[in-house]
Amino acid sequence: MAVADPRLLRWSETSEPSNRAEAMSSAEAFARHLAGQRLRERIFRGSTLAAAILLLLLLGGVVVSLLHGAWPAFSRFRLAFITKDVWNPVTDQYGALSAIYGTLVTSALAMIFALPVSFGIAVFLTELAPPWLKRPVGVAIELLAAIPSIIFGIWGLFVLAPALQNSVEPWMDGHLGELPLVGALFRGAPYGIGFLTAGIVLAIMIVPFISAVMRDVFETVPDVLKESGYGLGATTWEVIWRVVVPYSRTGMIGGIMLGLGRALGETMAVTFVIGNAHQISASLLSPGTTISAAIANEFTEATTPLYTSSLIALGVLLFVITFAVIAAARLMLLRLGRRALASA
Amino acid sequence: MIHEPRRAESHGAGGADAGRRFGDGGLNLKPSGRQHVSESLEGGSPVGEVSVADAVFSCRDVSVFYGDKQALKSVTIDVARRQVLAAIGPSGCGKSTFLRCLNRMNDTIPGARVTGTITLDGRDIYSKRQDVAQLRARIGMVFQKPNPFPKSIYDNVAYGPRIHRLARTRADLDDIVFTSLQRAGLWDEVKDRLSSLAIGLSGGQQQRLCIARALAVQPEVILMDEPCSALDPIATAHVEDLIEQLRASYAIVIVTHSMQQAARVSQRTAYFYMGQLIEVGDTDRVFTNPQHRLTEDYITGRFG
Ligand SMILES: Nc1ncnc2c1ncn2[C@@H]1O[C@H](COP(=O)(O)OP(=O)(O)OP(=O)(O)O)[C@@H](O)[C@H]1O
Ligand SMILES: [Mg+2]
């Protein structure tokens with residue numbers, strides 16, 4: 001039937017010879033093209049490998065130089081460096097306990113304040129916000145993340161601290177200070193600067209990160225899954241709590257750890273509002289210090305080699321704590337993953 | 001266009017066997033050349049029997065807008081009790097939109113708007129006083145792709161009863177899970193691994209699990225949106241058997257792209273085209289004697 005068509009016949013006659021030549025030359029071109037592609041591929045691979053190795057070298061270099069700098073302090077004080085809270089440049093006695101304590105307390109406070117808020121923001125943005133409000137709020141959160149930490153520090157010192165000092169802290173002291181067990185947390189003179197203030201400033205700083213990550217993982221939950229929840233008569237809250245959260249647990253933990261890592265290492269803003277006192281106090285209202293605040297605050301004053309070395313040793317401790325947090329997060333994810341696999 | 005020669009051929013053959021050669025899978029078409037009741041698209045009201053005596057849902061002048069785009073145009077139709085209604089029509093014609101009006105699933109889409117009235121057992125489901133979660137609990141929904149929750153088989157089925165507190169004791173819950181899986185024809189296959197993840201089931205098993213999950217809430221109506229499109233023929237047969245059994249106690253609305261399936265499982269068929277309900281009536285009648293030109297074009301495959 002095709003042959004009977006004169007148009008088809010003409011087409012096949014005229015086009016075939018030229019076609020063959022064309023095919024031949026294009027095969028050569030194709031081979032050349034492939035060779036070029038292979039070379040480019042090899043260069044590409046090589047350069048990415050080099051980048052990865054460079055990263056490892058950098059990391060190794062940082063670790064080695066940190067340990068080298070911290071060696072005098074560690075060898076002099078040994079375990080006492082992390083178990084004692086004396087920090088006395090006059091007598092050249094250094095113990096990091098108060099700084100470790102401050103780091104953990106301010107980060108814990110920050111997480112306590114930031115988690116519910118971030119969760120709320122993420123839920124609002126993915127499930128509840130009317131479309132016209134989604135973008136403005138989303139952009140505002142990204143802007144919040146872009147504010148330099150020194151600005152948070154200034155704001156914390158000149159705006160937040162006086163406000164806390166004049167209203168919240170006296171109220172806490174008066175009303176919560178008498179509570180059994182937890183009362184000690186809220187008792188004390190209202191300085192304005194201290195663990196509580198630092199915790200709040202840190203919380204504000206990490207909310208954008210945690211909520212942005214949570215929003216992104218919530219958005220990966222397939223609509224059909226949410227719809228089957230709704231289809232069974234679940235309310236929005238039930239769908240969020242029993243469908244969205246379980247589905248995005250892994251990603252949420254990632255976001256939380258990202259925030260925690262930032263809170264542990266944040267320096268500038270904390271230095272402004274923590275009070276920079278090497279002391280351990282049960283009261284959240286009292287001043288204290290954190291590892292990074294102590295380093296930033298005292299590096300210029302470190303006159304003796306042992307002082308400098310002790311500050312570097314503080315850096316090592318921060319490194320270890322942050323690493324431990326990340327490792328714990330990994331382990332948790334691994335366990336979650338394995339449990340999921342085991343039950344499959 | 002493939003059908004043109006066959007059409008001519010069957011005419012040429014003439015006589016009694018023309019009809020049989022024309023229709024696939026038991027679809028028996030009237031010889032062409034007859035008068036259609038309607039040929040127009042701008043008719044407004046659909047051809048056929050819109051209302052039924054024993055209606056669960058009554059939709060009157062229902063239109064749906066996604067933003068500015070109108071996806072459903074003034075649809076008026078009843079859904080009968082203890083019957084399967086099949087919604088057919090080309091892709092994008094509004095079948096899913098229609099289905100999702102019935103349990104207000106369109107509410108979850110930002111910018112979606114529904115006008116007209118839909119009543120369930122005589123009560124307006126879009127009234128301000130209607131509790132949407134409660135409404136959806138009365139209406140089971142099964143989706144195109146099997147979409148079990150990332151939980152165990154047991155927890156999937158128990159999800160609805162748990163949020164609605166349908167079971168007072170663990171034994172009650174076990175009982176609901178057992179009955180639902182049994183009705184969905186899945187019990188024997190999963191009874192030994194109720195606590196393993198639902199994702200580990202085959203596609204067909206997952207879909208029956210989703211049906212069990214819907215049944216566990218003890219709904220009055222079941223909506224199915226192309227429930228078999230991701231399934232192989234055996235799993236499809238399973239689900240179709242299940243629909244046949246469920247029909248005894250539920251009203252079922254099923255969206256399907258397979259006209260054979262519509263013919264097999266449904267008692268009434270509604271044909272949608274570009275957001276309009278073109279024709280609705282007894283499945284046998286719609287397939288053997290379509291009254292609207294567009295319906296006939298679609299079911300004979302001359303659509304386009
Ligand atoms: N969420 C939405 N937002 C905007 N438009 C939509 C949305 N959902 C559906 N539509 C539009 O509404 C129309 C009807 O869609 P619907 O999903 O109801 O079609 P359908 O008949 O189910 O098609 P299919 O057979 O492909 O599933 C289509 O034109 C579609 O583009
Ligand atoms: Mg659809």
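Take the stretch B:56-88 and flag every residue that is more than 12 Å from ligand 1 (Cβ to nearest atom) and part of a loop (DSSP other than H, G, I, E, B).
Once the filter is applied, which keeps residues that are more than 12 Å from ligand 1 (Cβ to nearest atom) and part of a loop (DSSP other than H, G, I, E, B), the stretch B:56-88 yields B:ARG81, B:ARG82, B:GLN83.
Any residue that is more than 21 Å from B:GLU220 (Cβ to Cβ) and of a type in the set (Val, Ile, Thr) - is there at least one of those in the stretch B:163-184?
yes
Please determine whether any residue of the stretch B:172-191 is within 16 Å of ligand 2 (Cβ to nearest atom), within 29 Å of B:SER229 (Cβ to Cβ), modelled with pLDDT of 90 or more and not in a helix (DSSP H, G or I).
no
If only one of B:GLN207, B:GLN182 is away from ligand 1 (no atom under 16 Å from the Cβ) and in contact with a Pro (Cβ under 9 Å, 6 or more places away or on another chain), which one is it?
Only one candidate qualifies: B:GLN207.
Among the residues of the stretch B:121-163, count how many are charged (D, E, K, R), outside any loop (DSSP other than H, G, I, E, B) and either under 16 Å from A:VAL243 (Cα atoms) or touching a Lys or Arg at 6+ places or on another chain (Cβ under 6 Å) (or both).
2
Counting only residues that are more than 10 Å from chain A (Cβ to nearest Cβ) and of a type in the set (D, E, K, R), which one in the stretch B:117-171 is nearest to A:LYS226 (Cα to Cα)?
Restricting to residues being more than 10 Å from chain A (Cβ to nearest Cβ) and of a type in the set (D, E, K, R), the top hit is B:ARG165.
Which condition does B:LEU194 not pass, out of (1) at pLDDT 90 or above; (2) in a loop (DSSP other than H, G, I, E, B); (3) within 16 Å of ligand 2 (Cβ to nearest atom); (4) within 14 Å of chain A (Cβ to nearest Cβ), if it passes all the others?
Result: B:LEU194 passes all but (3).
Here are the criteria: (1) of a type in the set (D, E, K, R); (2) surrounded by fewer than 20 Cβ atoms within 10 Å (Cβ to Cβ); (3) within 16 Å of ligand 1 (Cβ to nearest atom); (4) modelled with pLDDT of 90 or more. Tell me which single one B:LYS95 does not satisfy.
Of (1) of a type in the set (D, E, K, R); (2) surrounded by fewer than 20 Cβ atoms within 10 Å (Cβ to Cβ); (3) within 16 Å of ligand 1 (Cβ to nearest atom); (4) modelled with pLDDT of 90 or more, only one is false for B:LYS95: (2).
Go through the stretch B:213-227 and give me each residue that's away from ligand 1 (no atom under 16 Å from the Cβ), more than 11 Å from chain A (Cβ to nearest Cβ) and not acidic (Asp, Glu). I'd like the intermediate steps shown before the answer.
Step one: list which residues in the stretch B:213-227 are away from ligand 1 (no atom under 16 Å from the Cβ), which gives B:213-222.
If we keep only those that are more than 11 Å from chain A (Cβ to nearest Cβ) too, we end up with B:220-221.
If the condition is that a residue be away from ligand 1 (no atom under 16 Å from the Cβ), more than 11 Å from chain A (Cβ to nearest Cβ) and not acidic (Asp, Glu), then B:VAL221 is the only one that fits.
Which residues, taken from the stretch B:145-177, are among the basic types (Lys, Arg) and within 26 Å of the chain's Cα centre (by Cα)?
Taking the stretch B:145-177 as the starting set, the residues that turn out to be among the basic types (Lys, Arg) are B:145, B:151, B:162, B:165, B:168, B:170.
Answer for the stretch B:145-177, where residues must be among the basic types (Lys, Arg) and within 26 Å of the chain's Cα centre (by Cα): just B:LYS145.
Mind checking which helices (runs of 4 or more DSSP H) fall wholly inside the stretch A:217-271 and carry at least 2 residues that are within 14 Å of chain B (Cβ to nearest Cβ) and without any contact (Cβ under 8 Å) to a residue 24 or more places away in the chain?
Once the helices (runs of 4 or more DSSP H) in the stretch A:217-271 are filtered for at least 2 residues that are within 14 Å of chain B (Cβ to nearest Cβ) and without any contact (Cβ under 8 Å) to a residue 24 or more places away in the chain, what remains is A:223-231, A:236-239.
How many residues are within 13 Å of ligand 1 (Cβ to nearest atom) and either closer than 16 Å to B:ASP68 by Cα or assigned to a strand (DSSP E or B) (or both) if we restrict to the stretch B:108-120?
From the stretch B:108-120, those within 13 Å of ligand 1 (Cβ to nearest atom) are B:108-114; that's our starting set.
If we keep only those that are either closer than 16 Å to B:ASP68 by Cα or assigned to a strand (DSSP E or B) (or both) as well, we get B:109-114.
Of the residues in the stretch B:108-120, 6 are within 13 Å of ligand 1 (Cβ to nearest atom) and either closer than 16 Å to B:ASP68 by Cα or assigned to a strand (DSSP E or B) (or both).
Sort through B:ALA230, B:ALA167 and tell me the only one that's assigned to a loop (DSSP other than H, G, I, E, B) and within 16 Å of ligand 1 (Cβ to nearest atom).
One residue alone meets the criteria, B:ALA230.
Looking at A:ARG262, A:ARG249, can you tell me which residue is under 30 Å from A:LEU157 (Cα atoms), within 25 Å of the chain's Cα centre (by Cα) and surrounded by fewer than 24 Cβ atoms within 10 Å (Cβ to Cβ)?
A:ARG262
Name the pairs: first residue in the stretch A:69-87 and within 18 Å of A:PHE299 (Cα to Cα), second residue surrounded by fewer than 16 Cβ atoms within 10 Å (Cβ to Cβ), Cβ to Cβ under 6 Å, at least 6 apart or on different chains?
Final answer for the pair search is A:VAL86/A:GLN93.
Would the stretch B:237-253 turn up any residue that is within 16 Å of ligand 1 (Cβ to nearest atom), part of a strand (DSSP E or B) and touching a strand residue (DSSP E or B) at 6+ places or on another chain (Cβ under 7 Å)?
yes
What do you reckon, is B:ILE118 touching a Cys at 6+ places or on another chain (Cβ under 6 Å) and under 30 Å from A:LEU133 (Cβ atoms)?
Against the criterion (touching a Cys at 6+ places or on another chain (Cβ under 6 Å) and under 30 Å from A:LEU133 (Cβ atoms)), B:ILE118 qualifies.
Considering only the stretch B:275-290, state which residues are away from ligand 2 (no atom under 14 Å from the Cβ) and not in a strand (DSSP E or B).
Step one: list which residues in the stretch B:275-290 are away from ligand 2 (no atom under 14 Å from the Cβ), which gives B:276-290.
Passing the criteria: B:THR283, B:ASP284, B:ARG285, B:VAL286, B:PHE287, B:THR288, B:ASN289, B:PRO290.
Can you find, within the stretch B:83-116, the residue that is nearest to the other protein chains (Cβ to nearest Cβ) among those that are more than 16 Å from ligand 2 (Cβ to nearest atom) and more than 17 Å from B:VAL280 (Cα to Cα)?
Per the stated criteria, the residue is B:PRO110.
Assuming B:CYS101 fulfils every condition listed in (1) within 11 Å of ligand 1 (Cβ to nearest atom); (2) touching an Asp or Glu at 6+ places or on another chain (Cβ under 9 Å) apart from one, which condition is it?
Of everything listed in (1) within 11 Å of ligand 1 (Cβ to nearest atom); (2) touching an Asp or Glu at 6+ places or on another chain (Cβ under 9 Å), B:CYS101 misses just condition (2).
The values are calculated or read from the model by the stated rules, or taken from the named source; none is laboratory data. Values in this document were obtained by computation on a predicted structure and should not be read as measured data. Cβ atoms come from the backbone with ideal geometry, glycine included; neighbour counts cover every protein chain shown.
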